[in-house]
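Data block below; observations after.
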Amino acid sequence: MAYLSISKVTKQFGDTVVVDNFNLDIEKGEFVSFLGPSGCGKTTTLRMVAGFELPTSGQIFLDGVDITDKSPNQRNVGMIFQSYALFPNMTVEQNIGFGLTVRKLEKDVIKQRVDEMVRLIHLEKHAHKYPYQLSGGQQQRVSLARALANRPQVLLLDEPLSALDAKIRVSLRSEIRAIQKSLGITAIFVTHDQEEALSISDRIVVMNVGEMEQVGTPFEIYNFPKTRFVANFVGSLNTAEAQVLDPANGLLTMDGIQLQTHEGIIGKKKGDKVTFAIRPERFSFVAEGKKENLLEGTVINITFLGSVVRIQMQIGNSTFNMDTFNRPSLELPKIGEKCQVTCSTKAVLILEG
Amino acid sequence: MAQTAITPQGKIYPPTNWKTWLGVAPFFIFAILFLFLPSLRLFTASFTDPEGNFTLNNIIQLFSEKYIVDAYKLSIQISAVTALGGGILGFLLAYSVTVGGLPKSLRSILITFSGVASNFAGVPLAFAFVATIGRQGFMTHILRDYFGMDIYEAGFNLYSFAGLSLVYMYFQFPLMVLIMAPALDGLKKEWREAAENLGASTAQYWLKVAMPVLLPSILGAMILLFGNAFGAYATAYALTGGRIGVVTIQIGAQIRGDVLYNPGLGYAMAIGMVVIMAISLAGYSWLQAKTERWLK
């Protein structure tokens, strides 16, 4: 059995199913992100692991022990909240030591552990300050140290970076990941920010309306999205409808233009409609000698996005975006001009659902 | 020429226009006419004898005359008892309708009632209690005739210390509800969850997190209740007709009394009240500032 096992968990509020038949096994030391839009059930699932919500059905096992019905203070699970949730009447040290104090550990043990945690988050100079005297980033680091001081079996992070500004967010997520790796602690990170999830996680669970859409490494989720939802939610994507020409050889046709996929199209027959997707950065201008997946279109718009230039084209009856790196020697077509672009067979993804 | 002000945080404020002051002018005029000038008159008159000569005798009598010292003691006792009783009752009610989880409709009913009741004092309040639990009161009759309980036979007397305290409680606990409900709303759900998550029991959460956060507000509110009762005059006078000699009644007797007539002493007693009220309000402000600092 996995270290943390969420088995057939469903949560209903009245008639509304918020989490539907959720199954996930997490290994010890793994960093897993729950990614999805607001209301997809990711926080509810996390709160069920923490014990703040009871599943309507299903079970949760931690290190082989069924913790489904245990109260939050009987689970050795640490949680970090979006709003930091530091106790305003306590200093940094007292906040970090709170969990150890209520568990009635010896004073010198508490002192030693608190000092260790304060060093871990590099707030030695702020140890005697109250939360209102700290910045948002510092408060969230204290919150992290407070959760870790109890040496929890699992660390739960409920959108911990959402309230912070962009720069702090990037540096703090790296810090969280580094600390998690150095301690080897199992962590679940809830976020609606795809970049955050992609950059920090060992595995990502993409959720939508209470269901798991796809579970995989960041590489798999980004490059091989299985459903239209995942493809659209993670990164930007061109999607269009096509007809299957030759399922065995993975051949499609869209408005008379032929597209070749890398593998055969399973479960479809000739003439079936499918949705396919191509990431904008997978397109390139046609090099000489290229024969497959040649697409001719008309340039509609060109947008500079800093390091990337986005070229919008009309291909057949669909609009496609192509991203190319911005460099001084870049030669761009003009708006209204016709141009040919191409992509590899691996870039053409057939989507389910 | 007025200059733009830049705060240490870098915020820029435009120069203050004299027209801006017009908006607050009525308040200042009102305060000068009906607060500062009367206070000044009170202060100077407390050092004046009936013939208009300077004297320290009025101030000395505040500490030497037994009936004056007793009046202060009585006022402090009634104020303390009703602040404590009203404070506890008000806190429990506010708790029930905020974090206690009672229906929201009950909360709006209680808050509306508290808004009205906290301002219901003086002659109408005294009459309401005389009409309900006075010797011939409606409830007194019902209890005696239908339940065989004669509360006056049992020792209760509306026109006593206990009776006056009971009447004061009617406007004390609603004031506590009004002050404590927002303070209890300020307790974040996440604090409780964080405490539980760290292994704390409900009792540990209340003892180590919620009560320390609330305590300045509770104590501050009780100080306000104390001041509220300490300054009450009409209710006590209308109910007891001067039989219970709280400070406010004694001041009235000195300023417009037939038997006791020494306005200078009355003013000196009023100065004593101002000092006690000022200490109470300073304590309230200090405790409020402490809570606000934590919660900002």
What nm distance separates the two modelled labels at residue B:64 and residue B:203, each placed 7 Å from Cα along Cα→Cβ?
5.6
For a test of the definition: using alpha carbon positions, the gyration tensor, and the 1.5 limit on a/c, classify chain B as rounded, prolate or oblate.
oblate
Here FRET efficiency (C-beta to C-beta, residue A:326 to residue B:108, R₀ 60 Å, nearest 0.05) is 0.50
What Kirkwood Rh does the protein assembly as shown have if only Cα atoms enter the pairwise 1/r average? Answer in Å.
31.7
Descending packing, highest mean Cβ count within 10 Å first, for A:208-217, A:117-126, A:187-196 is A:187-196, A:208-217, A:117-126
Between residue B:131 and residue A:125, how many nm apart are label points set 7 Å from Cα along the C-beta direction?
6.9
For the stretch A:236-351, go through all pairs of different Cα atoms, get the mean of 1/r, take its inverse, and jot down that Kirkwood value in Å.
14.6
Per residue, in Å², the accessible surface of the stretch B:65-295 once ligands and nucleic acids are set aside, probe 1.4 Å
47
Where the accessible area of the stretch B:76-209 is counted over protein heavy atoms with a 1.4 Å probe, how much of it, in %, is carbon and sulfur?
69
The stretch A:15-71: GluC sites (Glu not before Pro) in DSSP coil with no more than 12 other Cβ atoms inside 10 Å:
A:27
Is it possible to state the helix-based mean residue ellipticity at 222 nm for chain A, with each DSSP H run of 4+ residues giving -39500 (n - 2.57), the sum divided by total residues, to the nearest 500 deg cm²/dmol? What is it?
-7000 deg cm²/dmol
How big is the stretch B:80-226 along each principal axis, measuring the range of its Cα positions in Å and listing the largest first?
58, 30, 28
Pull out a ≥ b ≥ c, the square roots of the eigenvalues of the alpha-carbon gyration tensor of the stretch B:187-296, then state rounded if a/c is under 1.5, prolate if not and a/b is larger than b/c, and oblate in the remaining case.
prolate
Size of the dipole of the stretch B:97-205 about the Cα centre, Lys and Arg at +1 and Asp and Glu at -1 on the beta carbon, nothing else charged, in debye to 20?
200
Positive end of the dipole of the protein assembly as shown, charges at C-beta (+1 Lys, Arg; -1 Asp, Glu), about the Cα centre: which of A:324, B:134, B:213 has its Cα farthest in that direction?
B:213
Unit charges on C-beta of K, R, D, E only; dipole of chain B, Debye:
820
1/(1 + (r/R0)^6) with r = Cβ-Cβ of residue B:49 and residue B:243, R0 = 41 Å, i.e. FRET efficiency to nearest 0.05, evaluates to 0.90
What residues does the stretch A:87-131 have that are buried by at least 40 Å² of accessible area in the full protein assembly compared to the chain on its own, 1.4 angstrom probe?
A:87, A:88, A:89, A:98, A:102
Given a 1.4 Å probe, how much area per residue of the stretch A:236-351 is accessible, in Å²?
54
Looking at the stretch A:173-308 from every direction and averaging, what is the projected area of its Cα convex hull in nm²?
11.9
Among DSSP beta bridges whose residues both lie in the protein assembly as shown, state the antiparallel percentage, nearest 5.
75
With a 1.4 angstrom probe the carbon and sulfur portion of accessible area for chain A, in percent, totals 49
Chains B and A: buried accessible surface, both sides, probe 1.4 Å, rounded to 100 Å²?
2100
Need the list of lysines near residue A:28 for cross-linking: C-alpha distance under 17 angstrom, and skip anything on the same chain fewer than eight residues off.
A:181
How many percent of DSSP beta bridges within chain A run antiparallel, rounded to 5?
75
Other residues with Cβ under 13 Å from the Cβ of residue A:1 give, with Lys and Arg +1 and Asp and Glu -1, a net charge of -3
Out of A:153, A:198, A:5, whose Cα points farthest toward the positive end of the dipole of the stretch A:4-226 (charges: +1 Lys, Arg; -1 Asp, Glu; placed on Cβ)?
A:153
Work out the FRET efficiency for residue A:66 and residue A:298 from their Cβ-Cβ distance, taking R0 = 60 Å, and round it to the nearest 0.05.
0.45
If every Lys and Arg gets +1 and every Asp and Glu gets -1 at its Cβ, then about the Cα centre chain A yields a dipole, in debye to the nearest 20, of 680
Among B:79, B:18, B:122, flag the residue with its Cα farthest along the positive direction of the charge dipole of chain B, charges on Cβ as +1 for Lys/Arg and -1 for Asp/Glu.
B:18
Quick numbers on the stretch A:4-226, Rg and Dmax over C-alpha atoms in Å, give 17.3, 53
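The values are calculated or read from the model by the stated rules, or taken from the named source; none is laboratory data. Remember, predicted model here, so these are calculated numbers, not experimental data. Heads up, the Cβs are rebuilt from the backbone with ideal geometry, glycines too, and the neighbour counts pull from every protein chain shown. With ligands, DNA and RNA removed, areas are computed over all heavy atoms of the protein, side chains included. Shrake-Rupley method; radii C 1.70, N 1.55, O 1.52, S 1.80 Å.
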